[in-house]
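Student: Have a look at the structure that comes next, please.
The values are calculated or read from the model by the stated rules, or taken from the named source; none is laboratory data. Predicted model only: the values in this text are computed from it and were never measured. All Cβ positions, even for glycine, are placed from backbone atoms using ideal geometry, and neighbour counts span all protein chains on display.
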Amino acid sequence: MQDVKTEFLFDLKAEFDWIGALDMGTTPNGSRRFFYVKGGVIEGPRIKGVVLPGGGDWPTTRADKSTILDVRIIAHTDDGAVIYVYYRGVSTLRLDTLGRILKGETVDPSEYYFRITPVFETASEKYGWLNRIVAVGIGQVIPSGIAYKVYGIL
């Protein structure tokens, strides 16, 4: 058995509409909300582009106070390719910590757990490698949204 090796793929920053969040209430799975994605950027050694407005996050906070992330976005590369990105993840960010971040306070990401497992879909030959990889991301909440470092598992 071999050890896990990773390769840095890209940084992803997505802007969220924190103010316009829709509280969907408590469902059988937990307390669900919706956040609209206003846009963003994606940049790495083999990819560069923008996150288009219109995606979203449907997080569900469970009884144990952890949050299951459910995000869908579209990236448009600087050379015209379209890449659908969806991911699930887990966060232990508490609402009071989120409030501190939104007020502009610097919060060390070690104060919470924020990990994602993005999946990619594209028709582009150039970026077809994304269709065939397993990736993980380490996230950090910033006042305007979310910032991730995304790695491919080799």
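Student: Could you list, in sequence order, all residues of the range 137-151 that are at pLDDT 95 or above and over 10 Å from the mean Cα position of the chain (by Cα)?
Tutor: Residue satisfying the conditions is 151 alone.
Student: Kindly indicate the residue of the range 41-66 that is among the basic types (Lys, Arg) and within 15 Å of residue 124 (Cβ to Cβ) and also surrounded by the most Cβ atoms within 10 Å (Cβ to Cβ) among those meeting that condition.
Tutor: Quick first cut of the range 41-66, residues among the basic types (Lys, Arg) only: 46, 48, 62, 65.
Filter again for within 15 Å of residue 124 (Cβ to Cβ), leaving 46, 48.
On the way: 46: 11, 48: 14.
Across the range 41-66, the extreme among qualifying residues is 48.
Student: Among 80, 25, which is in a loop (DSSP other than H, G, I, E, B), among the small types (Gly, Ala, Ser) and loosely packed, with under 14 Cβ neighbours inside 10 Å? Outline the logic, then answer.
Tutor: Values: 25 fails: in a loop (DSSP other than H, G, I, E, B).
Being in a loop (DSSP other than H, G, I, E, B), among the small types (Gly, Ala, Ser) and loosely packed, with under 14 Cβ neighbours inside 10 Å holds for just one of 80, 25, which is 80.
Student: Follow-up. Quick test for you: out of 95, 69, pick the one residue that is loosely packed, with under 15 Cβ neighbours inside 10 Å, hydrophobic (A, V, I, L, M, F, W, C) and touching a strand residue (DSSP E or B) at 6+ places or on another chain (Cβ under 9 Å).
Tutor: On the way: 69 fails: loosely packed, with under 15 Cβ neighbours inside 10 Å.
Within the list 95, 69, the selection yields 95.
Student: Now, a different point. Residues 124, 144: which one is within 21 Å of residue 36 (Cβ to Cβ) and polar (S, T, N, Q)?
Tutor: 144
Student: While we're on this one: How many of the residues making up the range 8-17 are surrounded by fewer than 17 Cβ atoms within 10 Å (Cβ to Cβ) and either touching a Leu at 6+ places or on another chain (Cβ under 6 Å) or at pLDDT below 95 (or both)? Give the derivation first.
Tutor: Our first condition is that a residue be surrounded by fewer than 17 Cβ atoms within 10 Å (Cβ to Cβ); within the range 8-17, this holds for 8, 11, 17.
Okay, now just the ones that are also either touching a Leu at 6+ places or on another chain (Cβ under 6 Å) or at pLDDT below 95 (or both), so 17.
Count: 1.
Student: Search the range 98-126 for residues being of a type outside the set (Phe, Trp, Tyr), in contact with a helix residue (DSSP H, G or I) (Cβ under 7 Å, 6 or more places away or on another chain) and more than 11 Å from residue 142 (Cα to Cα), and hand back the single one that is modelled with the lowest pLDDT.
Tutor: Initially, the range 98-126 is screened for residues of a type outside the set (Phe, Trp, Tyr), giving 98-111, 115-119, 121-126.
Pick out the ones that are also in contact with a helix residue (DSSP H, G or I) (Cβ under 7 Å, 6 or more places away or on another chain) and you get 107, 111, 121-122.
Okay, now just the ones that are also more than 11 Å from residue 142 (Cα to Cα), so 111, 121-122.
Values: 111: 91, 121: 98, 122: 98.
Only one residue tops the list, namely 111.
Student: One residue is enough: does the range 132-143 have a residue meeting the conditions in contact with a helix residue (DSSP H, G or I) (Cβ under 7 Å, 6 or more places away or on another chain), within 19 Å of residue 12 (Cα to Cα) and assigned to a loop (DSSP other than H, G, I, E, B)?
Tutor: Checked against the condition, which is being in contact with a helix residue (DSSP H, G or I) (Cβ under 7 Å, 6 or more places away or on another chain), within 19 Å of residue 12 (Cα to Cα) and assigned to a loop (DSSP other than H, G, I, E, B), the range 132-143 yields at least one hit.
Student: Name the residues in the range 44-61 that are closer than 11 Å to residue 91 by Cβ and either of a type in the set (D, E, K, R) or in contact (Cβ under 8 Å) with a residue 40 or more places away in the chain (or both), would you?
Tutor: Correct list: 57 only.
Student: Another question about this same structure. Which of the residues spanning the range 4-43 are without any contact (Cβ under 8 Å) to a residue 60 or more places away in the chain and within 22 Å of residue 130 (Cα to Cα)?
Tutor: To start, the set of residues in the range 4-43 that are without any contact (Cβ under 8 Å) to a residue 60 or more places away in the chain comprises 17, 19-36, 39, 41-43.
Within the range 4-43, 39, 41, 42, 43 meet the criteria.
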